[in-house]
Amino acid sequence: MTTNNGHVSSPLAVRGATLKFGGVTALDDVSISVADDELLAIIGPNGAGKTSLLNVTAGFYRPQKGRVELSGQDVTGLRVDQIARRGLARTFQGTHLFAGQTVVENIMIGRHMLMKSNVVQAFFQFGPVMREESEHREAAEEIIDFLEIEAIRNRPVGTLGYGLRKRVDLGRALAQEPSILLMDEPMAGMNSEEKEDLARFILDVREARKIPVVLVEHDMGVVMDLADRIVVLDFGRVIAEGTPEEIQKDPAVIKAYLG
Amino acid sequence: MLELNNVEVTYSDVILALKGVSMTVRAGQCVALLGGNGAGKSTTLKAISGTLKSEDGTVSAGSIVLDGTPIQNMEASEVVKNGLIHVMEGRRVLRHLTSEQNLIVGGHMVPNSAELKKRLDHVYTLMPRLADLRNRTSGFMSGGEQQLLLIGRAMMASPKIIAIDEPSLGLAPMMIRDVYEVLKQLKSEGTTFFLVEQNSAAALSIADYAYVMENGRIVMDGPADKLADNEDIKEFYLGVTASGERKSYRDIKHYRRRKRWLG
Amino acid sequence: EETYNLALLSDFSGPYADIMPILAGGREAVFTWWNETRGKELGVTLNYKNYETRYDAAQVASLWPGIKSELDPIAVVGLGGPDVAALSERLPEDKIPMFMATAAYGFAWQPDAWIFNPRPTYSHESVGFLNWMREQRGGDEPLKVAILASEASPAYVDMAKGLELYAEEHPEEIDLVEVIYTEVQPTDLTGQMRRVVRAGAEALVIQTNTSIVVAAKRGLQANGANIPIMMSSHNGLPASGGALGGLEQMEGDFEAYGMAIAADEDTPARQFYETLVADYGLEAPWNVVTAMGVSQGLYTVTVIDHAIEANGAEGLTGEMVREALFAKPITTEETHGFLPTLSFTPEAPFPLEGLKVNVGTVKDGKITIAATGVDVPQVEKW
Amino acid sequence: MDPSGVFPTSYRSDRRLIRTRWQFLALVVFMALLLLAPYLVSSRIIAILNMMMISAVIAVGLQICTGYAGQINLGQAAFMGVGAYTASILASKTGLTFLLTIPLAGLSAALFGFLFGLTAARIKGFYLALTTIAAQFLFHFAVLNLPSTWLGGSNGITVPPAELFGLRFVSESSQFYLNFAVSAIMVAGAFGIVRSRFGRAFVAVRDDDVAAGIMGINVAATKANAFLIGAFYAGVGGALWAYLIRFVGVDQFTLFHSIFFVAMIIVGGMGSIVGALIGVFIIRIIQEIIATVGPNIADSVSFLGGDIVFAGMNVVLGGVIALFMILEPKGLMHRWNILKSSYRIWPFPY
Amino acid sequence: MVYFINDIITGALIGLLYSLVAMGFVVIYRASKVFNFAQGELVIIGGFIVWFTTMQAGLSLWLSIPLSLVLAGLVGYAIERIFLTKLIGESVFSMVMVTVGLLILLRGLVLLVFGPAVRPFPIIFPLKPLFLGDMLIPMNLLIGGIITIVAAVGLSWFFNRTRSGLRMTAVAEDHVVASSMGISVKGSIAVAWVLGAILSTIGAMIFLSGKSLTFLASDIGFAALPVALFAGLESIGGLILAGIIIGIAQSLTTNYLDPLIGGSLGSVVPYIIMLAILLIRPTGLFGWRTIERV
Ligand SMILES: Nc1ncnc2c1ncn2[C@@H]1O[C@H](COP(=O)(O)OP(=O)(O)OP(=O)(O)O)[C@@H](O)[C@H]1O
Ligand SMILES: Nc1ncnc2c1ncn2[C@@H]1O[C@H](COP(=O)(O)OP(=O)(O)OP(=O)(O)O)[C@@H](O)[C@H]1O
Ligand SMILES: [Mg+2]
Ligand SMILES: [Mg+2]
């Protein structure tokens, strides 16, 4: 992708982000950039700042220093929903699903920002609203099909096990038709069969949507197999960056993380 | 020590989540419970610890006996007084309290402050990371840090039996090793464990006996080492092929999926 | 033998629940008395039924159609503001008059009313009292007055507003030195009372409620002052004295309203009360609330009496009852001295001419009549 | 609702509120009965129905704001008051037809609600509940202290009856049709709103406003919208109220009235339009029963004395609310939903 | 000037009375996360208990005051047992809503049991004010202020420094987690209501001493609420500052602004101040900040 002033811009770039909470430095001058259609993994010990990095990217935290760019546009300081509307979707560490709502409803909420009807139309339930509902419902069902969660379609999410919730979480993010997807520990709480499934889903998403994915994950098997490139954080700093092979051999990474 | 006989659990009076589960945990043992998503593992733990009520669930049949006392549908705080602590999933720390206050609350039944201090030190030596974080507001800690705190908090009560839900969830590889070291240590000190895990390899490495649950029923059980050799377990839970190699996630076959997306 | 129905609106569970049983007892005893005396002569029985309004306009509005279809009353015996609010537009349509017990409110001061008060507005009553007090004091100076009101209810605001306007237009009579707004159960009025004392107030008008009287009294006592307080019927001397722990605490304070004072003296009103107690099952004590209920009952039955006289015992309608009210004054004899002679006109819901108030006070720990038939000057509508 | 084994075949049918012919029939019969009610029952009952329909509009609005969007609102009576005053002033001073005053009343209440909704962007939970109480007190203060030529001050405002083509809505039954028409539109609209993207956004903000933001939902705007819509309903209800009582005064819109609206949605169940309707029905019925039966009890059991019976009103109402919370904390609709899902899976318990 | 200072002092003391009533409220919140809408009703119930033991039973103050506090505690306990225990395990929201029901119910019960009459309230604190030169300070408010400060310091120490306090805090954080750690949620909530009822009764004594008692006295509950929110729902110590600020503001408004505008701005001023502070600090001056973590 090229911007008008000519230089190549990546779908997502964080430049020199520093984030402090009181005395705690969660991020210390972190820069990453994601290439088109790339699967970038971010790894690092607990408390290294991985989630914080995603939060800064998504606009949930505002870095004290540094900038966040989406396709070359500076989005630092925008509200989360504004950033989401620019095509950034994420899944959560732990779940932040709407527990009382069913799976379909959760996914439909993901489509909220793509829908256009206004309150008056909704009140009178005429014309375009109904059509729009059906269209988006169809898209939601497609995602449900894809993630193979048809059976639990009408179950309230609060009654699902941890693993299924993560799948719904992914579905909801996909429903936003993002141009970049951030995933925070999607595999946590799954057995290896389920991890295989989810890995397949992630690969399929990339293939079908051609969007870059940023993945934070502790399961080294998953990370090494799926990632095109890995960034390693420790104490809020990037300590290594490279292909899976390089990272696996990096002594600093072994010392800080792999053990 | 802990015995479940034909336990059935119903949520909201309609959803039958456990359909006659029986298992036994002997004193000093570590028993692992494996199973896929939604199999009913967490439900089993909640049934034991009495925390079902908050989700509108009840033990609708069968009995749960802890050291001779029937504890099905008992008040959660009473179950704890009988010596069982449940470490819940979902990283439920007391968010506005500091990490150390969380630990102190965990040890609230400790009679005197000298003993409390001793236990705190014990936790800090086993998990030095928590010592660094002692004055952090727990709600702001990272996911993994919270997970550690939960384990530490359970230790503070020094229960006879710890029922723990996915201790390795969200922990970095090194940290998993450390935590399992801690569990082993506690086990050697005589604590009984009832362990629900997705990280089956880790779980089987410390467990004496294991149950596999699917769809609210126990489908397989046996000594941990026996199960670890089972073909199906290897394939689905340990992620190794029959030949003993780890498969690559990239090689998962498309044909296993029923349908391609946006084809 | 004819039977007519009266609908009685009551508040046993709202803000006036404390006085309701007594007030209800008073008016019901009058109906019993009338049925057994005049009613027998005329061949008419008055039936009545209580309806609980909770002092809530919604409840009144919702009850009204039922009252109409169930009772088809020839008159409504009302209680307070919510009844007026809910029914002021309905009664003219349904052609049923309503008779109230209390003083009137400014907001109901409209011509061609179907709702009537035997007493003028609270502001009329306080103005009448204050003028009397100024004459008692003598001299040409205006009387320095403070008002203690509350915004908790618009009715309370209304009471203050009328007096304020009068004072503005008659500076030579009343000098309003302070208008203080407080809560219905004030925390402490020491500071406010100090301002009143410093302003040299000679009278303190409190027509709101008993709790405010008590708090004001304590505030005055703390300041070592004793400014006479003027109260109205619903928060008068016995009620306020009782809430202070004894009438003697109210020594020198006043109550003033256009109705008989329930004093210890032997008055015609007192005698009639004794008759009701002795022969007609009245259980209420001799106090202002009973007096209010009895006077309400009395002028209601008198109007009906007049209506029967004019139209015969058969086929009486609400409209006839209202006409009877304008046709002929209700004399003070007919109400056994409970009310002055009342001459209603279609101009206002209360008599505009010949208004009088009575003043009661506490002397040596006893309620005594300080003045009767005090003239009320003309008060402009506010 | 479909029995076990019947599944929807299109997304539209899955969304449908009325699923079977029987349901449709039941609805038609219900509406027809309501329409004919003035010819079938006494005017007392019609008066009760009038009260219920007006309360229903207001409670449904509160349900959207509190039940769906999770913004606890103890100022609904104030919002209602704004609507009632707007309609009264427009009707009495400009003689505007009710066809315009009612929506305008809704809009002015919506504006007032929106202002408080803006605070909801920052203030949450119980803190917010208390700021809505502030709305209640400020409304009271404003009416009494603004020049009385504006809002009538302590005098209140007399309202001319609603009129259409020379027909005056003064009798119980003519008002019934006015209330019926407006409340039917408002309730149907509420169903539309809660099932649209707005309803989903409300629920999202209620359940987890952090996640909602990350889903691209503007959280602050959504909360303000919830207040706006809730207040709009209150305003419309207030206008109906003004036309019903034909006199508005500030003491008709107190904190206690707000509390009763909250009680209605509690009893019916949070987060359900039908629940709000049920709640209105139950609370109003209890009020009416006590008001009707009370005097008879007082008459026949004289030793109880009138005051005991009537003080019992609050005890019974409060008791019913407390009892509902204890026995059915999620409201009646929840019990109904459980019944429904058992029916859906019957005869297979799993 | 003297009068101005006097108004400030009286205002501050009235503010402290609000703090005390608010304290009952905060204590219940701190130990159970239940926001008790029926706080004003607890005050009148306390008031009626005091009235009953003194005026009705005729006990001396030395006997009746402790007895009233015990009875109030019992009433608090009973309310908790009847209405809240059954809801443990349900959402906190349900519990809060039950207090809305309680608000209506208790009002009715008070009417039913004590009737609606305005009753004299015993003179518990000397009626004679304290004279400081030209200033006079109501005795009940002065003593009440001292009691309030002592209670605030004590309770604040209890909740922040002792292990029992920490235990209750844990309950307020998360009922399920607390009970899964062996903390009796029931016990904590019971203690909270007992304390809340006792504090309300003390509040009633100061508020009503030498005045009169009706069910209208419950309005103080809504007058005190802004103080609690201003301070932040978790902060007991903060109530003192909040009460003083709101009390002074209210006193100055009623004494100097109201006469100018001819209205009752004083009664809404606490709410206006509260709104302003919440817009700046959404959880009050000292309340816990909401933790949002993804
Ligand atoms: N809002 C906050 N306030 C204070 N400290 C915070 C906040 N958010 C994060 N931190 C701290 O910043 C550090 C980095 O946290 P972060 O959640 O980014 O870690 P992480 O790499 O995602 O760890 P994990 O793998 O355990 O999830 C942690 O020590 C955490 O305690
Ligand atoms: N509150 C609830 N209401 C209704 N059904 C529930 C509830 N909680 C759990 N269930 C259902 O009970 C079954 C067992 O759930 P449980 O949480 O025990 O699974 P799990 O084995 O722990 O799964 P995971 O590994 O994903 O955590 C699931 O089908 C789930 O949907
Ligand atoms: Mg993280
Ligand atoms: Mg689980």
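Each residue, E:Leu257 and A:Arg85, gets one label point 7 Å from its Cα in the Cβ direction; the gap between the two is 3.8 nm. Scalar couplings 3J(HN,Hα) for segment B:50-57, obtained by applying the Karplus form with A = 6.51, B = -1.76, C = 1.60 to θ = phi - 60°, are x, 8, 5, 4, 5, 10, 6, x Hz; x denotes Gly and Pro. Between the amide H of B:Ala32 and those of B:Leu195, B:Asp208, B:Tyr209, B:Ala210, B:Tyr211, distances stay under 5 Å, these residues lying 5 or more places away or on another chain, with hydrogens modeled in the peptide plane. Per residue, chain A reaches -10500 deg cm²/dmol at 222 nm when only DSSP H runs of four or more residues are counted, each adding -39500 (n - 2.57). The distance between label points at D:Tyr39 and C:Thr275 comes to 5.5 nm (points 7 Å beyond Cα on the Cα→Cβ vector).
Look at the dipole of segment D:19-253 built from charges on Cβ: of D:Phe30, D:Met215, D:Ser174, the Cα furthest out on the positive end belongs to D:Met215. Each Lys and Arg adds +1 at its Cβ and each Asp and Glu adds -1 at its Cβ; summed about the Cα centre, the protein assembly as shown shows a dipole of about 5060 debye. With contributions of -39500 (n - 2.57) from each DSSP H run of at least four residues, the per-residue ellipticity at 222 nm computed over chain C stands at -12500 deg cm²/dmol. Only one residue of D:Thr132, D:Val203, D:Ser42 has its Cα farthest out toward the positive end of the dipole of segment D:19-253, where Lys and Arg carry +1 and Asp and Glu -1 on Cβ, and that residue is D:Val203.
The packing ranking of peptides D:59-68, E:163-172, highest mean first, is D:59-68, E:163-172, where packing means the average number of other beta carbon atoms within 10 angstrom of each residue. Computed from phi, the 3J(HN,Hα) profile of segment C:86-98 under the Karplus parametrisation 6.51, -1.76, 1.60 (θ = phi - 60°) reads 6, 10, 4, 8, 8, 4, x, 5, 8, 6, 10, x, 10 Hz, with x in place of Gly and Pro.
Between B:Arg92 and C:Glu248, the modelled labels are 6.5 nm apart [label points 7 Å from Cα along Cα→Cβ].
Counting only aspartates and glutamates at least 8 places from A:Lys116 when in the same chain, those with an alpha carbon closer than 14 Å to its own are A:Glu132, A:Glu133, A:Glu135. Were the residues from E:Ser91 through E:Leu279 laid out at 0.36 nm apart, the gain over their Cα-Cα distance would be 64.9 nm.
Between C:Glu169 and C:Asn226, the FRET efficiency from the beta-carbon distance, with R0 = 25 Å, is close to 0.25. 3J(HN,Hα) along segment A:59-68, derived from phi through the Karplus expression 6.51 cos²θ - 1.76 cosθ + 1.60 where θ = phi - 60°, amounts to x, 6, 10, 9, x, 5, 10, x, 9, 10 Hz, with x in place of Gly and Pro.
Dipole size of chain D about its Cα centre, with +1 on Lys/Arg Cβ and -1 on Asp/Glu Cβ: approximately 1000 debye, rounded to the nearest 20. Packing order of peptides C:131-140, E:92-101, B:24-33, highest average first: E:92-101, B:24-33, C:131-140 (average count of other Cβ atoms within 10 Å over each peptide's residues). Cross-link reach is defined here as a Cα-Cα straight distance under 25 Å, omitting same-chain residues fewer than 8 places apart; for B:Lys81 the lysines meeting it are B:Lys41, B:Lys46, B:Lys53, B:Lys117, B:Lys118, B:Lys160, B:Lys184, B:Lys187, E:Lys33, E:Lys86, E:Lys186. If the label point is 7 Å along Cα→Cβ of C:Phe326, which residues in segment C:94-116 have backbone nitrogen under 17 Å from it? Hits in segment C:94-116 for C:Phe326 at 17 Å: C:94-99, C:109-116. Taking every residue in A:212-220 and counting other chain Cβ atoms within 10 Å of its Cβ, the average works out to 2. Which residues in segment A:145-187 place their backbone N less than 20 Å from a point set 7 Å from the Cα of A:Ser33 along the Cα-to-Cβ direction? Only A:179-182 fall inside the zone, counting backbone N under 20 Å.
The C:Asp72 and A:Asn154 beta-carbon pair, evaluated with R₀ = 60 Å, returns a calculated FRET efficiency of approximately 0.60. Here the calculated FRET efficiency for E:Leu127 and D:Leu327, from their Cβ-Cβ distance with R0 = 45 Å, stands at 0.40, rounded to the nearest 0.05. For the segment A:190-203, counting C-beta atoms of other chains within 10 Å of every residue's C-beta and taking the mean gives 6. Considering only E:Leu279, E:Ser264, E:Ala224, the residue lying farthest towards the positive end of the dipole of segment E:207-294 is E:Leu279, judged by Cα position with unit charges set on Cβ. Ignoring lysines fewer than eight residues from C:Lys381 along the same chain, the ones with Cα atoms less than 21 angstrom from its Cα are C:Lys161, C:Lys356, D:Lys93. Around the Cα centre of chain E, unit charges on the Cβ atoms of Lys, Arg, Asp and Glu (plus for the first two, minus for the last two) sum to a dipole of about 560 debye. Which whole-number percent gives the relative contact order of chain E, counting Cα pairs below 8 Å spaced six or more residues apart? RCO, chain E: 36 percent. Per-residue shielding of A:44-53, expressed as the average number of other chain Cβ atoms within 10 Å of the residue Cβ, stands at 5. Close amide H contacts of B:Gly62 (hydrogens built in the peptide plane, cut-off under 5 Å, sequence separation of 5 or more or a different chain): B:Glu8. Close amide H pairs (under 5 Å, H built 1.01 Å from N) link D:Gln71 with D:Thr66, residues at least 5 positions away or on another chain.
Relative contact order, whole percent, for chain C stands at 20, derived from Cα pairs under 8 Å and 6 or more residues apart.
When shorter helices are ignored and each DSSP H run of at least 4 residues is given -39500 (n - 2.57), the per-residue value for chain B at 222 nm works out to -9500 deg cm²/dmol. By definition, a body whose alpha carbon gyration tensor gives a ≥ b ≥ c is rounded when a/c is under 1.5, and chain D falls into this rounded group. For chain A, the relative contact order is 27 percent, taking Cα pairs closer than 8 Å that sit 6 or more residues apart in sequence and dividing their mean separation by the residue count.
FYI, it's all coordinate maths here, none of it is from the lab. What you see is a predicted model; the values in this text were computed from it and never measured. Quick reminder, even Gly has a Cβ in these numbers, built from the backbone with ideal geometry, and neighbours come from all protein chains shown.
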